[in-house]
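Right, one structure below, let's go through it.
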Amino acid sequence: MEAFHTLSVEKSLELTESSPKGLTEAEAKKRWAHYGPNALPESKPKPLLLTFFEQFKSPIILILLIAAILSFAIGETLDAWFILAVLSINAVIGTYLEHSAAQKAHALKSSVKTYANVLRDGRVRRIEAIDLTIGDIVMLESGDKVPADIRLVESRDLMVDESLLTGESVAVEKNASKIYDDPELPVADQANMLFAGTYVTSGRGMGVVVAVGLQTQIGRIAEMLAQKSEAKIPLIERLELFSKNIAIAVTVASVFLFFIALYQHMEITQIFFLILALFVSAVPEGLPVAITVALAAAAVAMSRRNVIVRKLAAIEGLGSCTMIATDKTGTLTQNRLQIQAFVTPKDVVDSPDKTSRELAKTILVANEAHLAKPEDPSSLEGDQVDVAFAMFALQKDPALAEFLEAPRADVMPYESAKKMAGAAIKDDGRYLHVIKGSPEVILRHLHLDHRQKRELMEAVEEWAADGFRIIAVAKAVANTPKIEPLLQKMRFEWVGFAAIADPLREGVKEAVKRCQKAGIAVAMVTGDHPSTAYHIAKELEIAMSPEEVMDAEALNRWAENGSDPKEIEDKRVFARVAPAQKLQIVQAFQKLGHYVAVTGDGVNDAPALKFANIGIAMGLSGTDVAKESADLILTDDAFPSIVSGIEEGRRAYDNIRKVVHLLISTGFAEIVLVLLSLIFATPVPLLPIHLLWLNLVTNGIQDVALGLEKAEPDILERPPRRPNEPIFNGVMISRIAVGGFYMGLLAFGLFYYLLNTGGYDADSARNLTLMLMVLFENVHVFNSRSEHLPVFRINHLQNPLLILSVIAAQAVHVAALHIPLTQKLLSVEPVPVKVWDELLLLALGLIVVMETEKWIRNRIGNNRV
C-alpha cells in the first residue's frame, strides 16, 4: 500500500483518481463493487451442533467412550448406557454454558451504525460508513468517528483522539500540509493522516479516503488475528497430560492383567470382564461433569464480579497467570484528563470546591468545550484539555456554564506553532481576555522581570517532574475586544497553571498490590509517552526505577538484535509501543516461562489479546475487535475486577484438584481392590455395575458439591503455581497413594475375610464391601476439602450442599438396598444396623490416616501446591 503520509495533497488525489469535489455516485458504486464494503469481516457464530460435538474432544472422554464400547462388546449394556448418559449430560451443560457466554459477549457489541459526511456529485451527503470507497472526499468535525483511513486535504484546528489505535491518551494535532520523508513513520506520528476508528475531538477537516476495510490500519491488525494462537490455557494442558497419563496407566495395567489372567487359565470372557472392571475403576467418569460444574460455578461468580467468560477453561487460566501485561490508557487510568491541582501565586487549589468563582470563570473563557446537554454539566464534549478545564470550573458552580456558551468577542485558536490559545468575552462592560498554553510561551506576554519568570518556571518544572502536563493561564481586562494588541504590549497577568493528568481508576493501586502479593508480576504496555507511563507506573509501584522502562526505539534495537527474552525480563514499563511490538513483548515473556494475561481495549491491543495465554478485553470502552480476540471481558472496564477474576480462577483450580483427588484416590482404591482379587485368585470384589454405581451415582453427587467449595482464606497470598506443574504433583500423589491404599487394602481385607472366615457367599460379601466403599467415599469427601488445613479447622457449614450431598449419597445407597428393582440390578440386600456401625468405624479410620499424612507433610514443609 502507498505511504500516503509521504505524498502531497495533489499527488494523493491523483493516485486515488479523485478531486476536492469528490466522486460521482456512479463512480462510487463502481469502486465499491471493486474494493468491497468498508468493513471488517465479522466472525460467524459457531453452530450449536459444532459446540456440542466439541465437548467430546477431551482425551479423558475418548477413554470413557472406549469403556462404553467394551461394555457393549461383552454384553454389559447397563454399564455402557451409564457411561454414555454421563457424557451426554456433560456435553449438554458445556454447550449451554459456552453458547450463553457467546451470547453475552455478542450483546456487548455496539449496535449503533457509523455514518460519514461525503461529497458525492458535488454535494454533501450523509451515508453509512460501510458504503465509503477509495477516492471519496469525507468531511469531518468535532465528535465524528473517522470512518476509514484518510489523507487530509484540508484541516482547521483539527485534534484527534487516537488512543484506541495508538494508546496515546492525549488528543493529537492533525495538519493537512505536513509531508514526511520516512515511509516507515509510526502511525502515531503521521499528522497528515486520519485512521479508521479514531475520533475527532475538535476542529474540522476534509480528506480523501485512501484505504477501506482490511486495508486500513484496523484491517491490518485484524489480519494479524487470523493467525492461530499456539498459547494454551493451563487447565487444558494439565488435563491433556492427566488424560494421557491415565490412558497409559490403564493400557499398561490392562496388558499386565491380561497376561496374569491367561497364566491363571481364565476364560476370555472373564478376562474382558476384569479389564472392564479395571477401566471403570481407573477412569473417573464423573470428572468431566464435576470440572464443568466447577468452572460454571466460577463463571457465574465472575459474572457477578463484572467478568464475562467466553471460554470456560479460561477461568482457571486467569488463576494460573504469573504476569499481567496491562494497557495504561482506559485500563489503569480513566482515559479522561483531569486537573489534579491549579497552582496560583498564593495557593495550590487541589479541588474544585476550594477554588474561587472568579478563577473558575476565568478558565472557562479560552475554552472550546461544549455541553452536549445544556442541563447536564457532565455532558462536556471537545478537546480533552478544554473538557478538563471546563469540568474543574463547573464542579465549582454549574451556573458558570453561561460563560462557556457566551459569545466570544475575539478568538485565537490553538496552533502548535504558537502553543497557546486565547479568547475574549464581554464582562461587566469591559472585555475579559484569557490566554492558556505552554508556560514558557505564556510568560513571554507577561510584564515580569527575569527573576519572577524564573521563579514561576521553577514551580512549573517541579510539578512537571511529577509527570503532570502543565497548562498555564493568564488574563487581562481591557476596553478593546482584540487579543493581539494586549499580547504585544504584555498586558496580561499571571493567573496560575493547571497540573493535568489522566487519573487512575478507582481501586487500581490496591488491585496492583494484591496482584503482586499473589506473586503475579504486572507490566505496563502502552502507546503513551515514556515519562508519563513511568510516573503512572511509579505511583502504582509497578516500576520504581527508570531502568525498568523501555521505549519503542529500545524495543526496535532489541528486535534487531534477536529479541532475546532475558533482555526484557526485568522491564516493567513499555512505552510508545506499536501493536506488533506488544505481541513481541507478550511472546517474549511466554518464552521466559510466564503465563501471560493481557488487558486492553483498543484495536492496537487485539493481536496481543489473542496470542496471550489469557486475553482480557474491556466491555465498555473496548472495540469489537478487542472483544472478539479476548477470552474474558470486563463489563466495568475496571482493573480491580481482574483480581476478582484471579481469585475465582484459583478457587476453580483448587476445587478441580479437590475433585480430582476424591475421584482418583477412590478410583485407585478400586484398582487395588481388583488387582488384589486377581493376585489372591478370589472372585472380583465389586462388579463393573458396582463400580459405576460408586463412581457415577455416589461420587457423582459429592464431587459436584465439592466443585462449589468457597475460596480458602489464603488463596491470594500464595505464589502462582509453576506454569509447567502437572495436576499430579508430589502433594497429590502422596495423598492419593495413602488414601487409596488404605481404602483398597481394607476393603479387600474385608472381602477376603467374609469369603474365607465369615461364611458369606460372593454376592453377600460384595454387598458389604460395596457398603464399606460407599462409607469410605462419604468420609473421604471431607478429607478432600483442603490439601493443607486440618479437617477440624475447616468450616464445614460453609458448604451446606456438600453435607447434604453426603447425606443424599448415603440415603440413595440405603434406598437401593431396599428397592426390589435396584436389589436385582446391583445384587444387593439390606445391611443390619450393627454391621453398618462396624463398617462406619473402619471408614472413619480413613480420617485418622489422612490427617497423619497431612501432619507429616506439613512438618517437612511440603504443604502447599
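Based on Cα atoms of the stretch 451-527, Rg over Rh with Rh as the Kirkwood radius reads 1.25. Sorting 673, 804 by the number of Cβ atoms found within 10 Å of their own Cβ, with the fewest placed first, yields 804, 673. How many percent of Cα pairs in the stretch 655-704 exceed 19 Å? For the stretch 655-704, the fraction of Cα-Cα distances above 19 Å is 31 percent.
Here, the stretch 473-587 is characterised by an Rg to Rh ratio of 1.24, where Rg is the alpha-carbon radius of gyration and Rh the Kirkwood radius.
By the rule of a C-alpha distance below 13 Å, with chain neighbours fewer than 8 residues away ignored, the aspartates and glutamates paired with residue 29 are 121, 131, 136. Sorted largest first, the principal axis extents computed over the alpha-carbon atoms of the chain equal 119, 65, 54 Å.
Using a 10 Å cut-off around each Cβ, can you sort 184, 853 from fewest to most neighbouring Cβ atoms? Sorted ascending by nearby Cβ count, the order is 184, 853.
The stretch between residue 452 and residue 849 holds 134.7 nm of extra length on full extension. This uses 0.36 nm per residue minus the Cα-Cα distance. Classification of the stretch 546-635 by its C-alpha gyration tensor yields a prolate form. The axis ratio a/c (a ≥ b ≥ c) is 1.5 or more, and a/b outweighs b/c. For the chain, the 222 nm mean residue ellipticity estimated from helices alone, with every DSSP H stretch of n ≥ 4 adding -39500 (n - 2.57) and the total spread over all residues, rounds to -15000 deg cm²/dmol. Computed across the stretch 711-865, the Kirkwood radius stands at 17.7 Å (inverse of mean 1/r, all Cα pairs). If you wrap the stretch 338-501 in the convex hull of its Cα atoms and look at it from every side, the mean projected area works out to 9.1 nm². Of the GluC sites (Glu not before Pro) in the stretch 519-562, the ones in a loop by DSSP (not H, G, I, E or B) with at most 15 other beta carbons within 10 Å are 541. Panel order for 770, 676, by other beta carbons found within 10 Å of each beta carbon, from fewest to most: 676, 770.
Quick one: grab the alpha carbon gyration tensor of the stretch 430-479, order the square roots of its eigenvalues as a ≥ b ≥ c, and give me rounded if a/c is under 1.5, else prolate or oblate depending on whether a/b is larger than b/c. It is oblate, given that a/c is not under 1.5 and a/b is not larger than b/c. Amide H contacts of residue 307 (H built 1.01 Å from N, in plane; Pro and chain starts excluded): 635 sit under 5 Å, all sequence-distant by 5 or more or on other chains. Output the pairs from 509/710; 174/475; 418/571; 145/482 with a Cα-Cα distance over 31 Å in this structure; if there are none, say none. From the list (509/710; 174/475; 418/571; 145/482), the Cα-Cα distance tops 31 Å for 418/571; 145/482.
With the charge dipole of the stretch 338-501 set up from +1 on Lys and Arg Cβ and -1 on Asp and Glu Cβ about the Cα centre, the Cα lying farthest toward the positive end among the listed residues 406, 434, 364 is that of 434.
Quick note: the coordinates plus some simple rules give every number you see, no bench work behind them. Quick caveat, the model's predicted, so the values are computed rather than measured. A quick note on method: Cβ atoms are made from the backbone with ideal geometry, for glycine too, and the neighbour counts reach across all protein chains shown.
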